[in-house]
Amino acid sequence: MVVLPYTVAFLLLSSLQTVKIANSQSFIGINYGQVADNLPPPPSTAKLLQSTSIQKVRLYGSDPAIIKAFANTGIGIAIGTANGDIPGLASDPNFAKSWINKNVLPFYPASNITLITVGNEVMTSNDQNLMNKLLPAMQNVQNALNDASLGDKIKVSTVHSMGVLKQSEPPSSGSFDPSYGDLMKGLLEFNSANGSPFAINPYPYFAYRSDTRPETLAFCLFQPNAGRMDGNTKIKYMNMFDAQTESLEATPQPPPATAATATSTITSNNDSSTSTSTSTGTGTSTSTSSSTNTITIN
């Protein structure tokens with residue numbers, strides 16, 4: 001786990017997801033994707049979620065109809081900026097203020113917006129200019145929230161892919177790719193300073209595709225399997241999702257790199273699946289699910 005003063009662990013799985021908080025409570029949340037046919041109207045979706053134990057929802061953008069539909073439901077909402085907004089957010093504080101004025105202030109507090117994600121998987125986009133602008137964009141969004149007296153109520157972060165890790169197996173050896181050095185360090189420092197989560201998208205499918213061991217498919221699909229033992233911790237993992245999640249928890253702050261700039265806490269996303277996850281922390285990790293995920297670790 002990234003060692004930061006703010007120690008909440010927030011775990012979201014795509015479609016239907018379990019969120020784990022390090023010291024006390026658990027949440028179930030969903031990723032609200034819109035790339036599909038025959039989607040129910042937002043008010044119907046909000047009403048459905050209210051009838052369940054789901055307490056958090058993550059949007060991939062800031063659709064006003066969806067944000068408004070969740071008004072007075074009590075469900076926590078994460079909204080996001082597009083990657084294309086990052087240069088403007090980074091260079092122009094007034095653009096950041098305008099974004100908050102348009103996408104947050106008309107709806108909050110009736111709509112319980114709790115998190116703004118600035119971009120998605122920017123660090124692994126291979127766009128150095130965008131990567132360099134990510135932290136300034138996050139800071140300007142944070143400043144705009146502070147100016148609106150919402151800085152302590154709505155958090156700011158970004159969402160990464162598992163590609164920011166150099167190693168994730170065994171989970172206890174999780175480590176950041178040093179090529180992201182100073183940039184990742186800056187993002188982690190931002191998250192730590194503002195008490196915001198570090199967010200990441202874990203994709204068991206990609207792990208399956210690159211792992212030829214015969215039991216890998218069952219391990220990735222939450223099906224019965226012999227499990228995999230972490231020789232360092234003696235914890236046996238029964239599925240890839242738990243293993244990926246705990247590799248993030250073990251990841252130390254990255255050392256400085258020779259060319260980069262940023263810092264964070266932890267989150268992960270996926271846009272189509274159901275899953276629950278429980279980790280004992282004393283020897284066995286178990287889960288049930290069906291496909292895509294989002295994880296947040298504070």
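The values are calculated or read from the model by the stated rules, or taken from the named source; none is laboratory data. Only a predicted model underlies this, so the values are computations on that prediction, with no experimental measurement involved. Please note: Cβ atoms are built from the backbone with ideal geometry, for glycine as well, and neighbour counts cover all protein chains shown.
Tallying residues that are of a type in the set (Gly, Ala, Ser) and more than 30 Å from residue 134 (Cα to Cα) within the range 181-240 yields 4.
Does residue 81 count as at pLDDT 95 or above, of a type in the set (Val, Ile, Thr) and touching a Gly at 6+ places or on another chain (Cβ under 6 Å)? Considered against the rule, which asks whether it is at pLDDT 95 or above, of a type in the set (Val, Ile, Thr) and touching a Gly at 6+ places or on another chain (Cβ under 6 Å), residue 81 comes out as no. Out of the residues in the range 228-237 meeting the condition of being in contact with a helix residue (DSSP H, G or I) (Cβ under 8 Å, 6 or more places away or on another chain) and of a type outside the set (S, T, N, Q), tell me which one is surrounded by the most Cβ atoms within 10 Å (Cβ to Cβ). Selected residue: 237.
Out of 71, 82, one residue alone is exposed (fewer than 15 other Cβ atoms within 10 Å of the Cβ) and among the hydrophobic types (A, V, I, L, M, F, W, C). It is 82. Note on the range 153-174: residues that are under 22 Å from residue 128 (Cβ atoms) and of a type in the set (Ser, Thr, Tyr) amount to 3.
The single condition among (1) among the acidic types (Asp, Glu); (2) more than 17 Å from residue 123 (Cα to Cα); (3) buried (at least 16 other Cβ atoms within 10 Å of the Cβ) that residue 177 does not meet is (2). State which residue is surrounded by the most Cβ atoms within 10 Å (Cβ to Cβ) when the search covers only the range 114-159 and only residues that are among the β-branched types (Val, Ile, Thr) and over 14 Å from the mean Cα position of the chain (by Cα). Among those that are among the β-branched types (Val, Ile, Thr) and over 14 Å from the mean Cα position of the chain (by Cα), it is 141. Residue count for the range 84-108 satisfying the condition of being touching an Asp or Glu at 6+ places or on another chain (Cβ under 9 Å) and either modelled with pLDDT under 95 or part of a loop (DSSP other than H, G, I, E, B) (or both): 0. When we screen 217, 183 for residues that are buried (at least 17 other Cβ atoms within 10 Å of the Cβ), in a helix (DSSP H, G or I) and not charged (D, E, K, R), the only hit is 183.
The numbered conditions (1) closer than 28 Å to residue 162 by Cβ; (2) of a type in the set (Ser, Thr, Tyr); (3) in contact with a Pro (Cβ under 9 Å, 6 or more places away or on another chain) are all true for residue 125 except (3).
Taking first residues from the range 63-87 that are closer than 12 Å to residue 130 by Cβ and partners that are part of a helix (DSSP H, G or I) and charged (D, E, K, R), the Cβ contacts under 6 Å between residues at least 6 apart in sequence or on separate chains come to 86/133; 87/133.
Restricting attention to the range 123-138, the residues that are outside any loop (DSSP other than H, G, I, E, B) and touching a Phe, Trp or Tyr at 6+ places or on another chain (Cβ under 7 Å) add up to 2.
Go through the residues of the range 109-121 one by one and say whether even a single one is part of a loop (DSSP other than H, G, I, E, B) and over 23 Å from residue 152 (Cα atoms).
Yes: one or more hits.
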